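What follows draws every value from the coordinates through simple rules; no lab data is involved. Remember, it's a predicted structure, so these values are computed and weren't measured experimentally. Cβ atoms come from the backbone with ideal geometry, glycine included; neighbour counts cover every protein chain shown.
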Amino acid sequence: MNKKNLIGGAIIVIFLAIALTTFDFKKIDYTDFSTAAISAKTVQISGSWVKEDNYTYESEKNIFTFNMKDDNNNITKVVYSGAKPNNFDLAPRIVIKGKYNGKVFQATDILTKCPSKYQGNGEKMI
C-alpha cells in the first residue's frame, strides 16, 4: 500500500474520532429537576417561573434568583450569574441550562419563549 494513502487514511480516522467524541461532549440533554439533581452533567430544563414567589436581582453581585417549576411540577430555586432577561416577566415558558450546586440549580443560560406578537384575536379573516 502506498505510504501517502496510509497516512491520509490515518488522518481521516483520527479526525472522525475527534469529531465524534467532541459531538458527544457538547450534547446537552433535556431533563427535569429530579433527574438533574442526581446527575453531574450540564442539562437543560424546560418549565415556567413561579410568579407567586417573585424573583430577586442583586445588582452588586449581578445575581438573578427565582423559583422554577419543571414539566413534572418539581419546584427548585435557580441562581443565575447575570442580569434578568429583558422579557422574563412576559415569558410563558423558559429553558435553563446548567447543573445543581448543592440544593440550588446553577444556571449558565436562560432562554425565554416570548409570547407571539402575531397571535390573532380569535376572529376569522375573510
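The phi-based Karplus calculation (6.51 cos²θ - 1.76 cosθ + 1.60; θ = phi - 60°) puts the 3J(HN,Hα) values of the stretch 94-109 at 9, 10, 10, 10, x, 7, 6, 10, x, 9, 10, 8, 8, 7, 9, 8 Hz, whole numbers, x for Gly and Pro. Determine which aspartates and glutamates satisfy two conditions relative to residue 113: a Cα distance under 14 Å, and not lying fewer than 8 residues away in the same chain. Correct list for residue 113: 89. Taking the centroid of alpha carbons for each part, the stretch 74-100 and the stretch 27-62 are 6 Å apart. For residue 50, the residues whose modelled amide H falls within less than 5 Å of its own, excluding neighbours fewer than 5 places apart on the same chain, are 67, 68, 69. Label-to-label distance, residue 108 versus residue 29, with points set 7 angstrom from Cα along the beta-carbon direction: 1.7 nm. Reachable aspartates and glutamates from residue 84, Cα under 12 Å, same-chain residues fewer than 8 places away excluded? Straight-distance partners of residue 84: 58, 109.
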